[in-house]
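Trainee: The structure's right below; bear with me while I get my questions together.
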Amino acid sequence: MRFVLAIAAFVVAAAMIVLGIAQRTVFLPPAAVSYEVTVPGDAAFTVIDGGTMTALPGKQSVTATGSDTVFVAYGRTSDVKAWLGDEPFNTISFNEDTSKLVVASHTPEPSEPETTETPDPKATDDPDADKTDAEADDADAKNADEEAGPNPKGSDLWLMENVEEEAVIAPMNIPSDVSVLIASDGTQPAPETVKLTWPSDNSTPWAGPLIVGGIVMIIVGLVLYLLGINHLRRSRGPRRKGIDQGRKKGILGRGSRPRALTTGKSTKRLRMIAVPVVLVGAISLSGCSQAFWPDFTPDPRLSSTPTPTATPDGDELPAPAVSVPQLERIMADISAVATEADSARDSDLAATRFAGAALSERETNYKIREKISDYGAPAAIPAAPLTISLPKATDTWPRTVIAMVKDEDPTVAPTSVVLEQKTPRENYKVVYTQRLEPDAVVPQLAPASVGAASIPADSAWLTMPPGDVASAYADVVAKGDDSEYASMFDTSNDTLIEAIASDRSAKKEELPDTGTISFSTKAGDAEPIALATLNSGALVAVNMLEIETAKPKEDGAEIKIDGTTMSALTGLEKTTKGIEATYSDQLLFYVPPADSEGKITLLGFSQGPLSATELK
């Protein structure tokens, strides 16, 4: 009976092991599932929304082919739609049973026609009839530019982008509120072949138990087999002496041949036992993978704390204008553009990443350096690391961000930059840049993942509306403690006021006896930008202008300005009329809330000449 049970155990063991190995070989499902679709038509853009990308579990991969240049990017769905605007595009989504991908075409509704005036009967029917060939060519080129679609490459809205020749394979892991944009160059049709791939769960949780169970059954069979042999030996009983002696004599008479046979049988038994032992060892080693075993760990999604995404009244909170990785990429590009433009004194290049007061200051610096070779370049803008990222929480435009970047030189104060994005298709531009004060204490700010509210220029929730800060500070610079706003500003650690006073004193001493000089300050033309802090205060960036006017004391007297910034900007070496020079100050303040006893504090600033003209 033991032999029967042993044989049965060996048969069951073989079946279990074979079945377990088959699950990892013959019956192993594919490691990924893919769906491919051909996009018809000549639309320049294809969109895959987040619902389609998250229809199957796991990380996604997008493969696009079928055009000379292939562009694949993803961004927030609202940003993708805003960037597309009125451009026609195709969408890729699953059918109802998620068995295949389908393509749909989307053409924006035509805008309402503008009111046109009654045509002049005297006007010619052909508007190009009176144009020269050159003018006609320019008109054709302009029309061609207007027909060309926008190129999505390099937009600050994308969380990730890939641009390759002929094909792009882009692995990603995006949530449902993010969409994928596929294009060529915005003018040519989008790639015609798109394949979406998700990882497939090809784990075989019963392979391990089957293999291990088979090993256990082999051991059980071996035990039963050995017990059966032992029982068989014991069940033979006693033997008669004569017969035993005769057999013994026969064996001895024939030499060692029977012993050799006995030794051979023992060897065969050992080999029979050794083979399954080796097999068991190999199988046990192959069954250590996690994919071989059931996973009894609880789903972390069931125990995780939900993240609040809505306000108490049910309205969703607007997302921050940019994520930290986005801002890091933007700052890296701004830093590179600033370095190249400053080195080449290229105003056009600088204008791609600078605007407002920050651009005006750089443009003037380039003009001066063309005339004065040893004049200093603008302060460099570091790319990283970001010490503060404060984006505006908004889904609309314009969008603003205040960032602070640490310099590579630890002795140099961090740089603060204020970025603004006017429209979805424009990139962020630096509108203010300042060096932080040595003792500047930045108030507590909202996390970058949450963002901050924008404060209107006329807000009454602060000790001073952001729109009045520049003019009030200019009055304090001009009048000192006699200013009506002096008590509202903390000037105890204000190095800018000290620098302005020292510079004015030095210029008065250097001016020849034949001339006089006067100074004034006022708010600049740049719009103030204010983002809220956690204590209901605000970081406020404004622009102030310093104006100095040098005049001769008497008619006909001359003032020499050769070799100065005024001379470089006016092109004059001397003047008998006088010179008016304007300097721009980019300022960053902390303005406390209206119910606070705190004072407005200067956190950082930058200075630079803006213009110089001869008086009339």
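Trainee: May I ask you to evaluate 6.51 cos²θ - 1.76 cosθ + 1.60, the Karplus curve with θ = phi - 60°, for each residue of segment 178-195 and list the ³J(HN,Hα) values in order in whole Hz, giving x for glycine and proline?
Mentor: Here the 3J(HN,Hα) series is 10, 10, 9, 10, 10, 7, 9, 10, x, 10, 6, x, 5, x, 8, 10, 10, 10 Hz.
Trainee: Okay, next question. Given H placed on each backbone N at 1.01 Å, which residues far from residue 178 in sequence or on other chains put an amide H within less than 5 Å of it?
Mentor: 50, 77
Trainee: Rg and Dmax of segment 324-614 over Cα atoms: what are they, in angstrom?
Mentor: 19.7, 64
Trainee: I'd like the FRET efficiency for residue 56 and residue 11, computed as 1/(1 + (r/R0)^6) with the beta carbon distance as r and R0 of 45 Å, rounded to 0.05.
Mentor: For residue 56 and residue 11, the calculated efficiency is 0.65.
Trainee: Are any of the pairs 406/479; 479/560; 508/616; 371/574; 479/574; 371/553 more than 26 Å apart by Cα-Cα distance, and if so, which?
Mentor: Where the Cα-Cα span goes over 26 Å, the pairs concerned are 406/479; 479/560; 479/574; 371/553.
Trainee: Using a simple spin-label model with points 7 Å from Cα along the Cα→Cβ vector, what separation in nm is obtained for residue 487 and residue 409?
Mentor: Once both label points are built, they end up 4.2 nm from each other.
Trainee: If you don't mind, there's one more thing I want to ask. Give me the distance in nm between label points sitting 7 Å out from Cα along the Cα-to-Cβ direction at residue 167 and residue 510, one decimal.
Mentor: 6.5
Trainee: Filter 392/599; 522/577; 195/392; 367/429 down to the pairs with a C-alpha to C-alpha distance above 29 Å, please.
Mentor: Beyond 29 Å between Cα atoms: 195/392.
Trainee: For an R0 of 51 angstrom, estimate the FRET efficiency from the Cβ-Cβ distance between residue 200 and residue 599 and round to the nearest 0.05.
Mentor: Efficiency, rounded to the nearest 0.05: 0.20.
Trainee: How large is ³J(HN,Hα), in whole Hz, for each residue of segment 9-19 in order, when computed from phi with the Karplus curve 6.51 cos²θ - 1.76 cosθ + 1.60 and θ = phi - 60°, using x for Gly and Pro?
Mentor: 4, 5, 5, 4, 4, 4, 5, 5, 5, 4, 5
Trainee: For a quick check: with amide H placed at 1.01 Å from N, whose amide H comes under 5 Å from residue 33's, ignoring anything fewer than 5 positions away on the same chain?
Mentor: For residue 33, the qualifying residues are 198, 200.
Trainee: Filter the trypsin sites (Lys or Arg not before Pro) in segment 349-451 to those in DSSP coil with at most 14 other Cβ atoms within 10 Å of their Cβ, and list the result.
Mentor: Sites meeting the loop and neighbour criteria: 422.
Trainee: So what are the ³J(HN,Hα) numbers for segment 570-575, from phi and the Karplus equation (6.51, -1.76, 1.60; θ = phi - 60°), rounded to whole Hz, Gly and Pro as x?
Mentor: Per residue, the Karplus-derived 3J(HN,Hα) values read 9, x, 9, 9, 7, 8 Hz.
Trainee: Work out the charge dipole of segment 324-614 with +1 on the Cβ of Lys and Arg and -1 on the Cβ of Asp and Glu about the Cα centre, then indicate which of 544, 462, 326 is farthest towards its positive end.
Mentor: Value: 326.
Trainee: Multiply the residue separation of residue 439 and residue 3 by 0.36 nm, subtract the distance between their alpha-carbon atoms, and state the gained length in nm to one decimal.
Mentor: Here the segment from residue 439 to residue 3 would lengthen by 147.9 nm.
Trainee: Also, quick follow-up: If I stretch the segment between residue 458 and residue 97 completely, what's the gain in nm (0.36 nm per residue apart, minus their alpha carbon distance), one decimal?
Mentor: That pair, residue 458 and residue 97, stretches by 124.5 nm at full extension.
Values quoted throughout were computed directly from the atomic coordinates according to the rules given, and no laboratory measurement underlies them. What you see is a predicted model, and the numbers here were worked out from it, not measured in a lab. Here Cβ is always computed from backbone atoms with ideal geometry, including for glycine, and neighbour counts include all displayed protein chains.
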